[in-house]
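Below is one structure, written out as C-alpha cells, with a few remarks after it.
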Amino acid sequence: MHDGSGRIEVRQLSKNFGSVQAVANLSFTVEPGSVTGFLGPNGAGKTTTLRMILGLVTPSEGTATINGLPHDKLGHPARVVGSVLENEGFHPKRTARNHLKVYAAAIGVPDRRVEDVLAAVGLTEAGDRHAGGFSLGMRQRLALATALLGDPQVLVLDEPANGLDPEGIAWLRTFLRDFAKQGRTVLVSSHLLAEVEQTIDQVVIISHGQTMYYGQLDDLRNAQRPRVLVLPSNQDALSTALREEQISEIEPADNGRLAVMNTSARQVGDIALRAGVAIYGLEERHADLENLFFQLTSGQYAAAAPQQYGAPHGMPYGTQPSAPYGAPPGAPYEAPPGTPYGPPPGTPYGAPPHGGYGPPQDGWSQQGTVPQPQGQQPYQQDEGNTGWEGQR
Amino acid sequence: MGRSALMGKLVKAEFRKILSTKLWWGLLIVALLVAGSWAGMLSSVFDGIAAELSGSEVMRLAGLELDEISFSVVFLTRAINIATIFPMLFGGLAIASELGRKTITTSFLTAPNRTMLLGAKGITYAIWGAIYGIAIILAATLGIVIGTGGDHLVGFTTWLATAAAGVLSCVLWTLLGLGVGALIGSPVGTVIVLLVYGLALGPISDLVFTGFAEGDANVAGALPNGAANGLTGSTAADTLAAEIQANATGMSSVSSDLLEGFQDTARLAAGGLGSFGLFASAAIFLAWAMLFLALGLWRTQSRDIT
Ligand SMILES: Nc1ncnc2c1ncn2[C@@H]1O[C@H](COP(=O)(O)OP(=O)(O)OP(=O)(O)O)[C@@H](O)[C@H]1O
Ligand SMILES: [Mg+2]
C-alpha cells in the first residue's frame, strides 16, 4: 500500500534510448503542497523523466516513485496521480464524453464525474464532439479533464500550457495553485521559465538529462545579479571602455545589445559618454530568471564556445554553436519581465468563433472542494474512497 | 478492492472503448456478408460437392440417401473458416490501434498494471470473439437455407456441434489476433500480417503440405490455420459419421475402417486439411492462441511508451 504522502521521488534515474542518453543520473524530490516546475530546453529529458515517473518508460537505472511506490504498485494509480502528457492520444472518432466515460469505468468512478471534469475544463458544450475535431487547446483541456477523473493527489503535467489560450493559461495557473494549496502535489514541466514562473514554488532545472538546479525558486531569484542591457553605437568601443573601468563581465545579448554584469545603468551611461559611444537603449534588469535559466541550461557550453562578441545582429544570447538547436530569435529571452504568461508567439488558438466551448468555469472548486484555509492541508485518502469527497 | 472487482472495471472500460467507435460493427457487417454469401454460394452448387461425399462407398453400404445426412454442414464450416478473418482482425486491432493512436498511454495510466489491462482485454475480446462467432454462424446458416432452397438443411445436433466449434474457433482467432497485434504494435503491420497469413500463407501452406502427405494428417494440421480449420472440419466430419452410423439401414453397422475413410473425406470437404482430429486440433489451436497472447504480453510489458 502506498504511503499517501503525495511525494514524488526520483533517485539516480537514467534512461538510454540506444546510444542516446536521454536522462543521466537524475535525482530530486517533489514535495506535496507546492507546485514544482520541471524546466529544461528542448530535448533535455523532461518528457522522458515524467514518463518514467508514470511507469510508461522503464528506467535504464534508478527508480522513480510516487507515494513511495513505483506506478505499477499503486493499486489505483489514477486516484493517486493524474497526468497530462505531450501528444496524448484520443481516438479521433470517439466523443470527448465517451472518452472520459471509458476511463471513468476503468478507474471506477461514477459517470457523473465525467460531467464534473468536463465542466471544470470548460468542455461541457463540446462534450459530444469527436476528439479528432478538437483544436490543440481543446485536446489539452480534455487531457486535463482525464487527469482529474480520479480526483488524484498528485498531478504531473508535461507542458500543459501548450495551445491554451491566455484565458486558459490563467485559469490553469490558478487551478494548479489551488490544487497545491490543498496539500496536493503538482509537477509541471516547461521549456519556458517565464511561462511557469508565477505558478511554481520549487524548481528542478535540467539540461542534457542532468540536474542543473534544484531548490526554491526564491533562492534562485535571490542568487541572480542585476544586469544592464545596453544598445551602443559601437559594441567594441563600449566594451573596451568598460573593461578599462574594471567592468569585465560583458556578454553579447540579443538585437545587438550587450549584457553587462555588476554595474548600474547610470555607470554604463557615464562610461559610454566618456568613451564617445552613443547609447540607443539602456535597461537595468533584476532577477532575470529566464537569463539565469539560460545560463544554467546552456552554460556548460559557454566556456568552450568562442566568445560571441560582436555576434551577428540578433544572435540570441546563450546560443552556442554546439547546442542542438538555437533558441528561436528573440524568444524567450525577449519576453519583457512582468508578462510571463503572454501567449507563445504564433499560437493560433483563440476560442472558437462560434463559442463551441465555454471558458473554464470556476465550478471546479465549487463542485468539489470547500475553500481551503490558506496554508497547507495534509492530504489524506482512504482506501476505496473516491478521493476528496470524504473531506468535503 | 479485490482483483476481480478491478478486472470487472477494466472489462467494462474495454466494452465502452469498443462500443463508442464503429470498428466493431463495420467488421461485423462485412463478416456477416462474407459468411452468408460464401455459405450461400457454395451450397447453391450443392450437388457437385455433395455428390462426391454421397457417392462414397459407405453411403451405398449404409443404404443412405443424400437427403438423410446433413452434408450441408461442410458449407457451414467453410463459411466459418473464411469469416474468422474478421474477428481475428478485430482482435488484432485491440492493442495495436491503441498503440497507434496513443490512447494506450491513458489505458496504462488508469489500470493497476499492464498485465491486468491485457487480462481485461483478453476477457473482453474472448466475449467479442464469441459474439462474432454466433453472428457468423447465423449468417452462414441463413446462407445455406437460401443457397439450397431449404432442401438440404443441417440436422440440429450436427449444426449445434459445428456451431460450437465455430464459436470456439472465432474466440481463439480473436485472441490470437490480439496477441499478434500486441507483439507487432503497429495497426497497419498487424492487419497486413494477419491478412497475408489468414488469406494466403495459411491456406496455401495447408494445401501444399496436405498435397505432399496425400491427404493424411500432416504438419499443416499443426499450424494455426490448419488447426483452426481442423477444429471445425473435424467436428463436421465426426458428426456426419455419427449420423451415418445412427441412420445406417443397409447393414447392421458400418465398419469402422469405412467410417474412418469417410471421415477423412468429409473433413477435407469441410476444409480441415491435414487435421489431427477434433481434440488435437482444438488443443493445438488453443496452444497457438496462448503462445501469441503470451508473446504479446511479454512485448507489452517491455514496451516504452514515448
Ligand atoms: N523513443 C525515443 N527514442 C529515441 N530517442 C528518444 C526517444 N524519446 C526521447 N528520446 C531522446 O531523448 C532526449 C530527451 O527527450 P525528451 O522528449 O525527454 O526531451 P524534453 O525535455 O521533453 O524536450 P521538449 O522540451 O522538446 O519536449 C532527446 O534527445 C530525444 O531525442
Ligand atoms: Mg517534452
The stretch A:140-175 - residue that is within 16 Å of ligand 2 (Cβ to nearest atom), modelled with pLDDT of 90 or more and closer than 30 Å to B:Lys22 by Cβ and, of those, farthest from the other protein chains (Cβ to nearest Cβ): A:Gln140
Determine, yes or no, whether A:Ser27 is without any contact (Cβ under 8 Å) to a residue 12 or more places away in the chain and of a type in the set (S, T, N, Q). no
Among residues belonging to the stretch A:12-36 that are under 23 Å from A:Leu217 (Cα atoms) and part of a loop (DSSP other than H, G, I, E, B), point out the one that is farthest from ligand 2 (Cβ to nearest atom). A:Gly33
Can you tell me how many residues in the stretch A:37-63 are away from ligand 2 (no atom under 16 Å from the Cβ) and assigned to a strand (DSSP E or B)? 3
Any chance A:Pro59 is touching a residue at least 24 places away in the same chain (Cβ under 8 Å) and within 20 Å of A:Ala105 (Cα to Cα): no
Restricting attention to the stretch A:241-257, does a residue exist that is surrounded by 13 or more Cβ atoms within 10 Å (Cβ to Cβ), in a strand (DSSP E or B) and touching a strand residue (DSSP E or B) at 6+ places or on another chain (Cβ under 6 Å)? yes
Within the stretch A:88-106, identify whether any single residue is more than 13 Å from every other protein chain (Cβ to nearest Cβ), farther than 21 Å from B:Leu117 by Cβ and in a helix (DSSP H, G or I), and answer yes or no. no
Do you know which residues across the stretch A:15-30 are surrounded by 16 or more Cβ atoms within 10 Å (Cβ to Cβ) and more than 13 Å from A:Ile206 (Cα to Cα)? A:Lys15, A:Gln21, A:Val30
Among residues belonging to the stretch A:76-104 that are of a type in the set (A, V, I, L, M) and in contact with a strand residue (DSSP E or B) (Cβ under 7 Å, 6 or more places away or on another chain), point out the one that is surrounded by the fewest Cβ atoms within 10 Å (Cβ to Cβ). A:Val80
Any residue that is within 13 Å of ligand 2 (Cβ to nearest atom) and not acidic (Asp, Glu) - is there at least one of those in the stretch A:64-76? no
Residue check, A:Asn42 among the polar types (S, T, N, Q) and over 17 Å from the mean Cα position of the chain (by Cα): no
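The rows are residues; the columns are (1) touching a helix residue (DSSP H, G or I) at 6+ places or on another chain (Cβ under 7 Å); (2) assigned by TED's automatic domain parsing to the domain that holds A:Gly37; (3) of a type in the set (A, V, I, L, M).
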| residue | (1), (2), (3) |
| --- | --- |
| A:Leu123 | yes, yes, yes |
| A:Gln140 | no, yes, no |
| A:Pro160 | yes, yes, no |
| A:Phe179 | no, yes, no |
Here the residues within the stretch B:282-306 that are of a type in the set (Ser, Thr, Tyr) and more than 16 Å from ligand 2 (Cβ to nearest atom) are B:Thr300, B:Ser302
Residues in the stretch B:188-217 that are at pLDDT 95 or above and either over 21 Å from the mean Cα position of the chain (by Cα) or within 25 Å of B:Ala236 (Cα to Cα) (or both) total 2
In the stretch A:33-50, what residues are touching a Lys or Arg at 6+ places or on another chain (Cβ under 9 Å) and within 13 Å of chain B (Cβ to nearest Cβ)? A:Gly45, A:Thr48, A:Thr49
Out of everything in the stretch A:135-192 that is among the hydroxyl-bearing types (Ser, Thr, Tyr) and assigned to a helix (DSSP H, G or I), what residue ends up being nearest to ligand 1 (Cβ to nearest atom)? A:Thr146
Checking A:Glu125 against (1) surrounded by fewer than 24 Cβ atoms within 10 Å (Cβ to Cβ); (2) assigned to a loop (DSSP other than H, G, I, E, B); (3) at pLDDT 95 or above, the condition it does not meet: (3)
For the list (1) at pLDDT 95 or above; (2) out of contact with any Phe, Trp or Tyr (no Cβ under 6 Å at 6 or more places or on another chain); (3) more than 7 Å from chain B (Cβ to nearest Cβ), I need the number of the one condition that A:Val84 fails. (1)
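The values are calculated or read from the model by the stated rules, or taken from the named source; none is laboratory data. As the structure is a prediction and not an experimental result, all values here were calculated from the model. Glycine also receives a Cβ, built like all others from the backbone with ideal geometry; neighbour counts cover every protein chain displayed.
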